[in-house]
Amino acid sequence: MRLDTIVVSLAVVAGIVALLGVPVRSWQYVTGRLRTRIPEHAVAQATFGAFSALFYALAMLAWFYALYAAYVDYACAINCGQRGAGSALALGLLGCAYALLEGFLLTARRRRRA
């Protein structure tokens, strides 16, 4: 198996996981459950406030695009050339956006040791 095939497969698998993960994380963000886990340091709070909106917007945009691409691919008639390729691409993009979101949350929620 080639390296590029492995990378694309991992992105698509991350996209499949993100189909459930993005709405769950968005719900946690909207209800404020994630902000309580951010350190009380002013820089940490400001960084979380600024970047969380950006990363959540990107993840939600990729999530909606993945659903739209799946709808377009599977609403197509028999004469479609590469049915499912658009959905795979959208899932890969969603997987990358979700990995970025989870990486941000992982670093934002870390605690400093005393």
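Only one of these conditions is not met by C76: (1) farther than 22 Å from V17 by Cα; (2) at pLDDT 80 or above; (3) surrounded by 13 or more Cβ atoms within 10 Å (Cβ to Cβ). Which number is it?
It is condition (2) that C76 fails.
Mind checking which residues of the range 43-78 are over 21 Å from F104 (Cα atoms) and part of a helix (DSSP H, G or I)?
Y65, A66, L67, Y68, A69, A70, Y71, V72, D73, Y74, A75
Can you work out which of the residues in the range 1-30 that are polar (S, T, N, Q), surrounded by 10 or more Cβ atoms within 10 Å (Cβ to Cβ) and without any contact (Cβ under 8 Å) to a residue 24 or more places away in the chain is nearest to G95 (Cα to Cα)?
S9
Could you check, for the range 91-101, whether at least one of its residues is without any contact (Cβ under 8 Å) to a residue 40 or more places away in the chain and either in contact with a helix residue (DSSP H, G or I) (Cβ under 9 Å, 6 or more places away or on another chain) or under 11 Å from A14 (Cα atoms) (or both)?
Checked against the condition, which is being without any contact (Cβ under 8 Å) to a residue 40 or more places away in the chain and either in contact with a helix residue (DSSP H, G or I) (Cβ under 9 Å, 6 or more places away or on another chain) or under 11 Å from A14 (Cα atoms) (or both), the range 91-101 yields no hits at all.
Looking at R109, is it surrounded by 11 or more Cβ atoms within 10 Å (Cβ to Cβ) and either farther than 26 Å from D4 by Cα or modelled with pLDDT under 80 (or both)?
Yes: the conditions hold for R109.
For the range 31-44, how many residues meet the condition of being surrounded by 14 or more Cβ atoms within 10 Å (Cβ to Cβ) and over 16 Å from Y56 (Cβ atoms)?
2
The values are calculated or read from the model by the stated rules, or taken from the named source; none is laboratory data. Given the structure is predicted, the values throughout are model-derived calculations rather than measurements. We place every Cβ from the backbone using ideal geometry, glycine too, and count neighbours over all the protein chains shown.
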